[in-house]
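Have a look at the structure below, then the notes.
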Amino acid sequence: MTTSIQPAEQLSATTLLRFATAGSVDDGKSTLVGRLLHDSKSVLTDQLEAVALASTNRGQEAPDLALLTDGLRAEREQGITIDVAYRYFATPRRRFILADTPGHVQYTRNMVTGASTAELAVVLVDARNGVVEQTRRHAAVAALLRVPHVVLAVNKMDLVDYAEPVFAAIAEEFTAYAASLGVPEITAIPISALAGDNVVEPSAHMDWYGGPTVLEHLETVPVSHDLTECHARFPVQYVIRPQTADHPDYRGYAGQIAAGVLRVGERVAVLPSGRTTTIEGIDALGESVDIAWAPQSVTIRLADDIDVSRGDLIAPADDAPAVTQDVEATVCHVADQPLTVGQRVLLKHTTRTVKAIVKDIPSRLTLDDLSQHPAPGKLVANDIGRVVVRTAEPLALDAYADSRRTGSFLLIDPADGTTLTAGMAGASFASEADEDADAGTSAEDAEWDF
Amino acid sequence: MSTVATVPDGTVNPYALSHLDSLESEAVHIFREVAGEFERPVILFSGGKDSILMLHLALKAFAPAPIPFALLHVDTGHNFPEVLDYRDRTVEKHGLRLHVASVQEYIDAGKLRERPDGTRNPLQTVPLTEAIQRHRFDAVFGGGRRDEEKARAKERVFSLRDEFSQWDPRRQRPELWQLYNGRHAAGEHVRVFPISNWTELDVWQYIEREGIELPEIYFAHEREVFSRSGMWLTAGGWGGPKDHERTETRLVRYRTVGDMSCTGAVDSDATTLDAVITEIAASRLTERGATRADDKMSEAAMEDRKREGYF
């Protein structure tokens with residue numbers, strides 16, 4: 001379907017997909033990324049020339065495509081990728097933002113960073129090795145971050161004679177594991193990134209495979225779910241009050257809709273105060289509209305002149321989140337300095353930053369086998385654990401399972417501003433939420449909004 | 001605003017945003033975050049298409065109120081007259097405040113020395129960082145895009161700079177979800193890049209959709225140019241051409257706008273936005289590869305300049 005891409009055809013692309021790649025150092029991630037970029041005309045002549053020149057200067061015979069993506073001096077010196085990089089490419093059907101994350105174990109925080117904004121994660125596996133510890137770690141991070149779509153790319157099929165049973169066994173093992181973590185949608189694709197099988201072009205060597213190529217799947221996977229089922233959430237960013245002759249009484253609450261749909265005339269509550277009013281108007285960047293949805297940036301006008309400021313959350317009056325000062329969450333520790341019980345921190349949730357104290361660290365998760373290490377006392381870089389935090393002011397916090405945007409937060413060191421941890425409120429994995437839920441809970445509560 | 005996008009199977013998903021609407025919404029969110037969290041933000045404005053786009057997004061973000069930020073232009077003294085004219089008209093039209101940091105003044109005062117190659121782009125760093133300190137700006141918006149250059153691909157949306165305005169790529173804060181951490185100590189500031197995720201093509205398509213006016217040098221016109229290091233430079237009082245370089249009149253346009261001494265024109269007959277977009281979509285060269293001499297100085301030229309405080 002997607003054969004050679006004609007440059008001008010990219011102009012017709014209408015939607016945007018953000019996705020992340022994960023893979024160990026030798027799984028062929030760079031080759032896959034290189035092929036996606038190259039075959040979509042995203043690597044241009046001058047970039048290739050620069051890579052060829054740099055490779056020659058190093059005494060390498062062939063252009064080293066890793067130099068395309070390793071942008072920092074230290075990365076090129078050490079020949080490793082140390083940081084997330086964002087890359088851009090387009091096909092006639094869609095634009096893509098790729099969070100290219102390093103594969104080293106010690107950079108779990110980087111995969112968390114890349115996955116936090118991704119709608120899809122590609123997990124690479126070497127067909128010769130099958131599902132290994134690192135694969136389980138990547139699946140677990142994708143599940144923790146609740147990335148809506150996961151692609152298992154079984155790479156290096158050329159080195160196992162393109163044998164279907166090899167692929168089928170890996171796909172089955174991975175799917176069972178990921179499903180147990182609650183990953184909602186898994187697509188397994190047998191590929192050879194080096195030979196180009198099933199990346200952009202369908203493979204001539206695997207006629208037993210009837211599914212999409214990697215690119216075809218990226219192009220067609222749905223990017224936004226049915227938002228009518230989501231709880232609407234609007235964190236107030238900024239109050240717009242022109243106080244000019246043209247707009248003497250204009251008072252609008254600017255923000256980006258975090259989840260769901262808002263309509264003019266809807267009865268809403270302003271949290272944490274809990275006061276209720278009605279949406280009088282919605283201004284969508286210069287145009288007055290009756291309805292707006294995530295992730296549009298809009299300005300909302302309310303019928304009553306009540307006290308609303310940055311950090312407040314506007315939500316439907318009959319569907320507002322509970323307000324709490326006690327936060328239980330799974331966190332990924334992203335800083336070099338540790339997080340300890342009793343530590344005073346700042347907690348940033350949507351547009352609100354409040355003082356907080358770490359009351360407890362009940363457990364640390366071992367990603368390899370998902371076992372819980374009880375009461376570790378502290379979390380260090382790349383640790384994932386459960387924490388209990390008490391905040392100085394109430395927060396309108398959702399479960400991360402219900403909304404990635406209003407269920408996530410940062411812990412920040414008040415002394416030097418360092419981002420310490422990435423937090424996800426509520427149960428760690430969707431499977432746990434299912435177990436916790438009573439029999440009476442409807443099926444749609446177990447689904448992820450996005 | 002066109003918010004309905006056609007999904008690949010041909011059906012219309014009423015809740016899918018078009019890629020331009022997604023990028024616009026994200027950029028507006030970033031502008032508003034800075035307005036909500038910082039005391040003295042400023043927008044770097046060069047009169048180039050990326051800063052013009054940023055200004056347009058800022059105007060939409062705070063409408064119907066005026067933009068709550070001033071502009072800062074680092075004037076190299078070698079700017080295109082059409083661009084300075086555009087800058088001044090824009091400031092006037094929107095009632096903005098403009099600060100100018102002048103490289104020429106620094107050279108005249110003996111605080112900066114002209115480089116032998118005549119290129120003034122690297123000389124911008126000192127006037128820029130001193131202006132930031134002098135005005136105590138705590139957030140500085142730049143139009144940098146990650147698709148421009150491989151060091152920029154590693155830059156955060158919120159990029160903390162120390163009291164010397166230095167960037168340390170190894171000490172960047174992880175950036176998670178849309179939760180931007182702007183904490184900084186007195187004397188430090190944050191560089192903010194609202195259009196990080198835009199590509200050159202996105203910028204042009206958005207300019208066309210919104211009907212944004214640009215300086216005319218972005219469109220094909222006849223110009224006196226001469227060839228240096230494989231690029232067409234505009235002849236002028238800034239120091240070109242030299243004795244052995246010959247001037248000729250060519251039909252050209254600019255893909256980027258910067259210092260005249262190091263920004264090259266490209267051969268083009270594209271006189272309309274449509275024609276420019278078609279030309280870029282077909283180009284086999286990146287924007288910087290086609291037109292920027294200073295990036296070719298070394299493999300890490302951009303990273304090194306950014307470390308020193310360049311935007």
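The values are calculated or read from the model by the stated rules, or taken from the named source; none is laboratory data. Quick caveat: nothing in here was measured; it's all calculated off a predicted structure. Because the Cβ atoms are built from the backbone with ideal geometry, glycine has one as well, and the counts that use them run over all protein chains shown. Each accessible area value is taken on the protein alone, full model and side chains, heavy atoms only, with ligands, DNA and RNA left out. Shrake-Rupley method; radii C 1.70, N 1.55, O 1.52, S 1.80 Å.
Per this entry, B:R209 is not counted among residues that are basic (K, R), touching a residue at least 12 places away in the same chain (Cβ under 8 Å), surrounded by fewer than 22 Cβ atoms within 10 Å (Cβ to Cβ) and more than 30 Å from B:P41 (Cα to Cα). In this entry, B:R173 is excluded by the filter for residues that are among the basic types (K, R), within 19 Å of B:V83 (Cβ to Cβ), in contact with a strand residue (DSSP E or B) (Cβ under 7 Å, 6 or more places away or on another chain) and open to solvent by 10 Å² or more (accessible area, probe 1.4 Å).
For the condition facing another protein chain (nearest Cβ under 7 Å) and open to solvent by 10 Å² or more (accessible area, probe 1.4 Å), what is the one hit in A:P212, A:P295? Testing whether each residue is facing another protein chain (nearest Cβ under 7 Å) and open to solvent by 10 Å² or more (accessible area, probe 1.4 Å) leaves just A:P295. Can you pull out the residues in region A:263-291 that are within 9 Å of another protein chain (Cβ to nearest Cβ) and either modelled with pLDDT under 95 or part of a loop (DSSP other than H, G, I, E, B) (or both)? Selection gives A:A284, A:L285, A:G286, A:E287. Scanning region B:110-131 for residues that are in contact with a helix residue (DSSP H, G or I) (Cβ under 8 Å, 6 or more places away or on another chain) and outside any loop (DSSP other than H, G, I, E, B) gives B:N121, B:P122, B:L123, B:Q124, B:T125, B:V126, B:P127.
Given the criteria modelled with pLDDT of 85 or more, in contact with a Ser or Thr (Cβ under 8 Å, 6 or more places away or on another chain) and of a type outside the set (F, W, Y), does B:P127 qualify? So B:P127 fits the description; yes. Of all residues in region A:111-143 being more than 24 Å from B:E155 (Cβ to Cβ) and among the small types (G, A, S), which is farthest from the other protein chains (Cβ to nearest Cβ)? Filtering region A:111-143 for residues that are more than 24 Å from B:E155 (Cβ to Cβ) and among the small types (G, A, S), the one farthest from the other protein chains (Cβ to nearest Cβ) comes out as A:G130. Taking the criterion of being touching a residue at least 40 places away in the same chain (Cβ under 8 Å) and either surrounded by fewer than 16 Cβ atoms within 10 Å (Cβ to Cβ) or of a type in the set (V, I, T) (or both), the residues of region B:240-267 that qualify are B:T256, B:V257. Close contacts from region B:35-49, counting a first residue that is on the phi > 0 side of the Ramachandran plot and a second that is in a loop (DSSP other than H, G, I, E, B), with Cβ to Cβ under 7 Å and a gap of 6+ residues or different chains, come to B:G47/B:P215; B:G47/B:V257. Across region A:409-444, the number of residues qualifying as touching a helix residue (DSSP H, G or I) at 6+ places or on another chain (Cβ under 8 Å) and modelled with pLDDT of 70 or more comes to 8. Checked against the criterion of being under 30 Å from A:S224 (Cβ atoms), surrounded by fewer than 24 Cβ atoms within 10 Å (Cβ to Cβ) and not β-branched (V, I, T), region A:158-169 has no qualifying residue.
Note on region A:320-374: enclosed strands (runs of 3 or more DSSP E) holding 2 or more residues that are more than 14 Å from chain B (Cβ to nearest Cβ) and farther than 17 Å from B:Y180 by Cα are A:323-333, A:352-366, A:371-374. For region A:127-147, name all the residues that are open to solvent by 10 Å² or more (accessible area, probe 1.4 Å) and under 18 Å from the mean Cα position of the chain (by Cα). If the condition is that a residue be open to solvent by 10 Å² or more (accessible area, probe 1.4 Å) and under 18 Å from the mean Cα position of the chain (by Cα), then A:R136, A:R137, A:H138 are the ones that fit.
Checked against the criterion of being buried (at least 20 other Cβ atoms within 10 Å of the Cβ) and either at pLDDT 65 or above or within 11 Å of chain B (Cβ to nearest Cβ) (or both), the candidates A:S55, A:S30 yield just one match: A:S30.
Does any residue of region A:232-241 turn out to be among the basic types (K, R) and either within 11 Å of chain B (Cβ to nearest Cβ) or outside any strand (DSSP E or B) (or both)? Yes, there is a match, as at least one residue in region A:232-241 is among the basic types (K, R) and either within 11 Å of chain B (Cβ to nearest Cβ) or outside any strand (DSSP E or B) (or both). Residues considered: B:P14, B:P81. Of these, the only one that is free of Cβ contacts under 8 Å to residues at least 40 places away in the same chain and over 20 Å from B:Y254 (Cα atoms) is B:P14.
Name every residue in region A:401-426 that is without any contact (Cβ under 8 Å) to a residue 60 or more places away in the chain and surrounded by fewer than 24 Cβ atoms within 10 Å (Cβ to Cβ), in order of residue number. Residues satisfying the conditions are A:A415, A:D416, A:G417. Condition test on B:E130, is it open to solvent by less than 20 Å² (accessible area, probe 1.4 Å), more than 8 Å from chain A (Cβ to nearest Cβ) and acidic (D, E)? No, not satisfied.
Matching residues to (1) surrounded by fewer than 16 Cβ atoms within 10 Å (Cβ to Cβ); (2) in contact with a strand residue (DSSP E or B) (Cβ under 9 Å, 6 or more places away or on another chain):
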{"position": "A:Y177", "(1), (2)": "no, no"}
{"position": "A:S180", "(1), (2)": "yes, no"}
{"position": "A:P184", "(1), (2)": "no, yes"}
{"position": "A:I191", "(1), (2)": "no, yes"}
{"position": "A:N198", "(1), (2)": "no, yes"}
{"position": "A:S203", "(1), (2)": "no, yes"}
{"position": "A:H217", "(1), (2)": "no, yes"}
{"position": "A:V223", "(1), (2)": "no, yes"}
{"position": "A:C230", "(1), (2)": "no, yes"}
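Are any of the residues in region B:107-116 buried (at least 20 other Cβ atoms within 10 Å of the Cβ) and not acidic (D, E)? No, region B:107-116 contains no residue that is buried (at least 20 other Cβ atoms within 10 Å of the Cβ) and not acidic (D, E).
For region A:377-400, a residue qualifies if it is within 30 Å of B:G187 (Cα to Cα) and either in contact with a helix residue (DSSP H, G or I) (Cβ under 8 Å, 6 or more places away or on another chain) or open to solvent by 10 Å² or more (accessible area, probe 1.4 Å) (or both), and the qualifying residues are A:V380, A:A381, A:A392, A:E393. Residues in region B:276-290 that are farther than 19 Å from B:G143 by Cβ and without any contact (Cβ under 8 Å) to a residue 12 or more places away in the chain: B:T278, B:E279, B:A282, B:S283, B:R284, B:L285.
Cβ separations smaller than 6 Å between residues 6+ apart or across chains give the following pairs from region A:205-226 residues that are over 15 Å from A:L36 (Cβ atoms) to residues that are modelled with pLDDT of 95 or more and not in a helix (DSSP H, G or I): A:H205/A:Y162; A:M206/A:Y162; A:M206/A:P190; A:Y209/A:P190.
Do we find a residue being surrounded by 16 or more Cβ atoms within 10 Å (Cβ to Cβ), part of a loop (DSSP other than H, G, I, E, B) and among the polar types (S, T, N, Q) anywhere in region A:304-319? Looking for residues that are surrounded by 16 or more Cβ atoms within 10 Å (Cβ to Cβ), part of a loop (DSSP other than H, G, I, E, B) and among the polar types (S, T, N, Q), one finds none in region A:304-319, hence no.
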